[in-house]
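Since every read-out is calculated from the coordinates, none of them should be taken as a lab result. This one's a predicted model, so the numbers in the text were calculated from it and none came from an experiment. Cβ placement follows ideal geometry from the backbone for every residue including glycine, while neighbour counts extend to all protein chains displayed.
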Amino acid sequence: MDISRTQTAQLVGHRSRVNFTRFEAGARTMEEEVLAGLRSSPKRIPSKYLYDAEGSRLFDRICDLPDYYPTRTETAILKEHARTILDLIGPDLCIIEPGAGACGKGRLLLETRRASAFVPLDISTDFLQGAALDVADNFPHVSVHAVAMDFLTGLDSLKPLLPPAAKRLIFYAGSSIGNFDPPDAASLLGRFHALLDEGDGLLIGYDLQKDRDALTRAYDDSEGVTASFNLNLLARFNRELGADFDLSRFRHVAVYNEAKSRIEMHLESIAAQRVRVGKESVAFDAFERMHTESSYKYTVEGFDAMAAASGFRRLEVWMDPASYFAVGLYVKDGAGGSPSLLTGHGMKSVKALTVASGGRQA
Ligand code: AVJ
């Protein structure tokens, strides 16, 4: 994807600590991408299209569901350990948060007062601009540079914009890394690595392998919110691509693919049918599925290995008592790592630290 235009604006008034940059991408259109996925076999749709305004609203509701353990578990881990985590990297941090949205989790880190700069990144400007102003108002010691960009393709352009600070910390929360197939996850970690200097950190939340029942409950919740979230894809295509999906003729399916350690969301056609999408008519067999999202579940050892292959060494990992979710702190390795990293914090063994996660016991 090419970055065709850049705008930087310093927002006026007393909020001179806030900058806002927008990279506009010459993206392939949604119609092209969706049709390409519907022509392939098996059919698939890029999961990023789940997150329009309505999808983001539904996702926020998912995060509050009793059946969906990841959000509250990660939040509990961060609340309990934020200070320890940030002190392992350094006293004067620039925190870069890809996919920050409303910056909710970034705030948990800023409350420790270990950061002098905050760089939230999000593809959508909807929440970002307001959230950046709010962060600047609430954290007077922090300068905020919000960047609207597709961080999957635009990170190279970010480096020159980063505010000065002693250390950088990329904070990639919410097990978003789990949405990527392993080669893409590894390449994203590689791009994170390229944005950092030796001794800088990566703090990343990822979901852990666990029993199938707990996993399927989390992705096929009893209140049907995840089903609505998945089906909203079709409603979105009806709204934006002039498609004519009948939502009552598709159903949400969540399956744990144990061989690949991933939850898969699908939309299953309940009957043979044809659907118009843009200029094309797409045929579905009865019970044919479209794959709409994967959510990979890792082991600590597996995640460490992937991170190591991208040049990251783990300093520590925190988990809830049920080992449902992990937050790992990695450092970009290299000769001149920071003194604080060389004096005793390296390579700690896996520890399950006590936090009130509310997660179900496996
Ligand atoms: C946003 C990728 C973290 O995989 O758990 C939640 C998305 N999909 N329920 C996840 C999601 C269905 C979520 N992530």
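Worth pointing out:
- Residues of the range 42-74 that turn out to be assigned to a helix (DSSP H, G or I) and away from the ligand (no atom under 13 Å from the Cβ), as a count: 3
- Looking only at the range 238-255, and only at residues there that are in contact with an Asp or Glu (Cβ under 9 Å, 6 or more places away or on another chain) and hydrophobic (A, V, I, L, M, F, W, C), the one that is surrounded by the fewest Cβ atoms within 10 Å (Cβ to Cβ): 255
A quick yes/no check of all residues on (1) under 30 Å from residue 77 (Cα atoms); (2) surrounded by fewer than 20 Cβ atoms within 10 Å (Cβ to Cβ); (3) not charged (D, E, K, R):
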residue	(1), (2), (3)
205	yes, no, yes
208	yes, no, yes
213	yes, yes, no
216	yes, yes, yes
223	yes, yes, no
226	yes, no, yes
257	yes, yes, yes
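- Within the range 127-146, the set of residues being farther than 11 Å from residue 19 by Cα and assigned to a helix (DSSP H, G or I) comprises 127, 128, 130, 131, 134, 135, 137, 138.
- Only a single criterion out of (1) more than 13 Å from the ligand (Cβ to nearest atom); (2) among the polar types (S, T, N, Q); (3) out of contact with any Lys or Arg (no Cβ under 7 Å at 6 or more places or on another chain) is not satisfied by residue 292, namely (1).
- Among the residues of the range 179-203, those that are among the aliphatic types (A, V, I, L, M), within 16 Å of the ligand (Cβ to nearest atom) and closer than 24 Å to residue 72 by Cα comprise 185, 203.
- Of all residues in the range 257-279, those satisfying the criterion of being more than 16 Å from the ligand (Cβ to nearest atom) and assigned to a loop (DSSP other than H, G, I, E, B) are 258, 259, 270, 271, 272, 278, 279.
- When the criteria are applied in full, residue 217 meets the requirement of being of a type in the set (Lys, Arg), within 13 Å of the ligand (Cβ to nearest atom) and not in a loop (DSSP other than H, G, I, E, B).
- Some residue of the range 278-286 being under 30 Å from residue 77 (Cβ atoms) and touching a residue at least 60 places away in the same chain (Cβ under 8 Å): no
- Just one of (1) without any contact (Cβ under 8 Å) to a residue 60 or more places away in the chain; (2) assigned to a helix (DSSP H, G or I) fails for residue 252. It is (2).
- Pairs where the first residue, in the range 317-328, is within 22 Å of residue 201 (Cα to Cα) and the second is of a type in the set (Lys, Arg), C-beta under 8 Å, 6+ apart: 317/351; 318/351; 319/351; 328/314
- Qualifying residue in the range 163-170 (condition: crowded, with 18+ Cβ neighbours inside 10 Å and either free of Cβ contacts under 8 Å to residues at least 40 places away in the same chain or within 16 Å of the ligand (Cβ to nearest atom) (or both)): no
- Only one entry of 156, 122, 181 meets the criterion of being crowded, with 18+ Cβ neighbours inside 10 Å and of a type in the set (Asp, Glu), and that entry is 122.
- Some residue of the range 147-160 being aliphatic (A, V, I, L, M), touching a residue at least 60 places away in the same chain (Cβ under 8 Å) and in a loop (DSSP other than H, G, I, E, B): yes
- Residues of the range 82-119 classified as free of Cβ contacts under 8 Å to residues at least 60 places away in the same chain, surrounded by 23 or more Cβ atoms within 10 Å (Cβ to Cβ) and β-branched (Val, Ile, Thr), total: 1
- Yes/no for residue 282 being more than 12 Å from the ligand (Cβ to nearest atom), touching a strand residue (DSSP E or B) at 6+ places or on another chain (Cβ under 9 Å), more than 18 Å from residue 55 (Cα to Cα) and not acidic (Asp, Glu): yes
- So residue 246, is it acidic (Asp, Glu), within 12 Å of the ligand (Cβ to nearest atom) and touching a residue at least 24 places away in the same chain (Cβ under 8 Å): no
- In the set (1) over 17 Å from the mean Cα position of the chain (by Cα); (2) more than 26 Å from residue 282 (Cβ to Cβ); (3) not in a loop (DSSP other than H, G, I, E, B), the condition left unmet by residue 91 is number (3).
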